[in-house]
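Scroll down for the structure; my scribbles are underneath it.
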Amino acid sequence: MKKKMIIFVVVLVVLFAALYFVIQYKNNQAIEDSNNPYGKSNLDQATIEQLDDPNYKNQILPEELNEKLENGESLTVYFYDPKCIHCQRTTPILVPLTEELGIDVKKLNVLEFPDAWTTYGIEGTPTLIHFEDGEEVTRISGGQTEESLRAFFEENGLAE
């Protein structure tokens, strides 16, 4: 009876180890096969699952954002977390709307770049910030409807 239990435990451990390696291999393949915009390979699973989603293209890295702001550029940045339920609801509304309005919105994943929380004073996700001449001029936070996003863009003169 004791031998059967040991064999069972060993088989179970081997199965879990094999499953772990298969998942790791699959994740690494997903990162390599996609156009990974993050510049790193140790991505969170939630980010890996969004790599091929067209709603999460147009990423900006923190260094690139900092450089643009230091150069006094104007841009709009969507700070989001792939695990945030409000982001998951807002992003599919935001992306088609910005395409319709001709607004170039960069996306910054705060799960992968947590320093953005303090650097840009993000209190919750999603947060949409518009910068003019390298300085923040307006923001909107939390889950949004198409109407509230459209009003935000129009009131701030961002829509074409």
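Peptides 90-102, 64-76 ranked from most to least packed give 90-102, 64-76, packing being the mean of other C-beta atoms within 10 angstrom over each peptide's residues. Summarising the label geometry, the points placed 7 Å from Cα in the beta-carbon direction at Ala159 and Leu101 lie 0.7 nm from one another. In the stretch 54-156, the inverse of the mean reciprocal separation of distinct Cα atoms equals 13.6 Å; this is its Kirkwood hydrodynamic radius. Of all DSSP-defined beta bridges confined to the stretch 54-156, some 65% are antiparallel rather than parallel. The distance separating the Cα centre of the stretch 64-113 from that of the stretch 134-157 comes to 12 Å. Could you look at the chain and say what percent of its accessible area is carbon and sulfur, using a 1.4 Å probe and all protein chains? Looking at the chain in its full context, I get 55 percent from C and S.
FRET efficiency for the pair Glu132 and His86, taken as 1/(1 + (r/R0)^6) with r the Cβ-Cβ distance and R0 = 22 Å, rounds to 0.30. Screening the chain for whole DSSP H helices with an alpha carbon extent of at least 27 angstrom along the helix axis and a mean Kyte-Doolittle hydropathy of at least 0.5 yields 2-33. Report summary: the helix-based calculation at 222 nm, which adds -39500 (n - 2.57) for every DSSP H run with n ≥ 4 and divides by the residues of the chain, gives -15000 deg cm²/dmol. Seen from Asn58, the other residues with C-beta closer than 11 Å to its C-beta sum to a net charge of +1, counting Lys and Arg as +1 and Asp and Glu as -1.
The values are calculated or read from the model by the stated rules, or taken from the named source; none is laboratory data. Predicted model only: the values in this text are computed from it and were never measured. No Cβ is skipped: glycine too gets one built from the backbone with ideal geometry, and neighbour counts run over all protein chains shown. Ligands, DNA and RNA are stripped out before the accessible areas are found, and what is left, the full protein with its side chains, is counted by its heavy atoms. Shrake-Rupley method; radii C 1.70, N 1.55, O 1.52, S 1.80 Å.
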